[in-house]
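The values are calculated or read from the model by the stated rules, or taken from the named source; none is laboratory data. Computed from a predicted structure; not experimentally measured. Reconstructed Cβ throughout: ideal geometry from the backbone, glycine too, with neighbour counts over all protein chains shown. What goes into the accessible areas is simple: the full protein's heavy atoms, side chains included, and nothing from ligands, DNA or RNA. Shrake-Rupley method; radii C 1.70, N 1.55, O 1.52, S 1.80 Å.
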Amino acid sequence: MVEPVSPARINFGWLIRLRFATIAGQALTIAAVRFGMNLEIPLAPLSALVGLALVSNLACIAAARAGTPEDWWLLAVMALDVLTFSGLLYFTGGPENPFSFLYLVPIAIAAITLRAAWTWMLVLLSLTSSLVLFARHQPLPMAGGHAGHMALHLRGMWVAFGVASAFIVYFLMRVRRALAARDQELDASRSLAARQERLASLATLAAGAAHELATPLSTIAVIAKDLERAVAAAGTPGAADDVRLMRDEVERCRRILARMRVDAGDPAGERFARVSVRELLDDCLTEAAVDVTVDDTTALCTTALPRHAFGQALRGLVDNARQASPPGAPVTLRVATEGLADARRLIFEVADHGAGISSDLLVRVGEPFFTTKPAGQGMGLGIFLARAIVERLGGELSIRSAPGAGTTATLWLPVAGAP
């Protein structure tokens, strides 16, 4: 089962991306003011502050790769950004700089990523830094007097508003999408855990049934053997045949019980073995009413799995398709590979020519004891057990269907060996 990504890692990753965009914007703004507007601003300290932000962001990347980001990392990086931004404002007019209200950007991000107390700490740091700038800063050398200064300030405020809006909306939307994807992963993990729990319950039930029924079946077998001898001694051949049939049926029941744990997907019941696709198909396809499509290369692919359990799962899908198809209509089984190197997967696609399944019933397919077959023709465990076995092997099983279009079951399985 894949472990979902933590919210702190998601937020930290997007904060790093946002900081790279901020650093690039700061560098471009400094260059535009100095060389485009010909204002005499101190390039050395401004460049040093931008370089500090860049180095810190590279350090954040290295730290994220080396360990798991925590929430206080976000606080520390945002606090550094506030101090760096305050330094840039100090050399470029302080509160008179139209970009000064960009203090709101880290505060807005902190409000959705940090706990309340830490967000208020960042607000206090921003207010303190802004207050200090009112008392001490280096004014911008403006030409054109007060009117020129006001015109430039208003245009700068418009640009700053656009920049702040773009950064906040971009970050919030990306984080929301990332968190939504994480919630989907958590839902999938919970569903998988629930299915595995139900499967474990079935395996326990099967093991318990095998244990409880073993003793009475053994007793019946012993009595039947003694009865067979008595009937044979009495010279009644017809009755002897009936007793022999009874013993055979008892033995059959014992074999069925011995296989119940394996059929229920209990991995303790069967060892893994390396099997080729061709061998799997030979195990499952015992009837001719199946059209198989597989190339020679795929047929030679091998994978490690519990042969009987997986064969039971694939055979169940084929049997479902055969029962859903009209009499004489063949079932289609396509086997192929996809991906490269270690990411290669086997695809088993079973399609029938039946009436299909409506959307409201399709969402329930795979639930234990749910079946679309007539009463008495199925227990509703085939697809459930098949999905559980495949997921334990690192694969997936999906069902596609529509009324009048038949049903297709697609099974993906990792390839454990090269052709």
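Residues checked against (1) more than 30 Å from Ser6 (Cα to Cα); (2) at pLDDT below 85; (3) over 36 Å from the mean Cα position of the chain (by Cα):
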site: Ala117; (1), (2), (3): no, no, no
site: Leu125; (1), (2), (3): no, no, yes
site: Leu131; (1), (2), (3): yes, no, yes
site: Phe134; (1), (2), (3): yes, no, yes
site: Met142; (1), (2), (3): yes, yes, yes
site: His149; (1), (2), (3): yes, yes, yes
In the stretch 372-398, residue nearest to Ser189 (Cα to Cα) [restricted to those that are modelled with pLDDT of 85 or more and surrounded by fewer than 18 Cβ atoms within 10 Å (Cβ to Cβ)]: Glu396
Looking at (1) within 25 Å of Arg136 (Cα to Cα); (2) under 29 Å from the mean Cα position of the chain (by Cα), which is the only condition Ser100 fails? (2)
Every residue from the stretch 187-238 that is open to solvent by less than 40 Å² (accessible area, probe 1.4 Å), among the aliphatic types (A, V, I, L, M) and modelled with pLDDT of 75 or more: Leu217, Ala221, Ala224, Val231
Within the stretch 107-120, does at least one residue satisfy the condition of being surrounded by 15 or more Cβ atoms within 10 Å (Cβ to Cβ), of a type outside the set (A, V, I, L, M) and farther than 23 Å from Arg17 by Cβ? no
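Can you name every residue in the stretch 67-87 that is open to solvent by less than 20 Å² (accessible area, probe 1.4 Å) and under 18 Å from Val163 (Cα atoms)? Walk me through it before giving the result.
First, the residues of the stretch 67-87 that are open to solvent by less than 20 Å² (accessible area, probe 1.4 Å): 69, 74, 77-78, 82, 84, 86-87.
Listed by number, the residues that qualify are Met78, Val82, Thr84, Ser86.
Among the listed residues Ala336, Ala343, Ala355, Ala321, which satisfies the condition of being under 17 Å from Trp412 (Cβ atoms) and either modelled with pLDDT of 80 or more or in contact with a Lys or Arg (Cβ under 9 Å, 6 or more places away or on another chain) (or both)?
Residue meeting the stated conditions: Ala336.
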Thr22 open to solvent by 30 Å² or more (accessible area, probe 1.4 Å) and among the hydroxyl-bearing types (Ser, Thr, Tyr): yes
Return yes or no: is Arg34 surrounded by fewer than 12 Cβ atoms within 10 Å (Cβ to Cβ) and free of Cβ contacts under 8 Å to residues at least 40 places away in the same chain? no
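Tell me which residues, restricted to the stretch 285-306, are in a helix (DSSP H, G or I) and touching a helix residue (DSSP H, G or I) at 6+ places or on another chain (Cβ under 7 Å).
Thr298, Ala299
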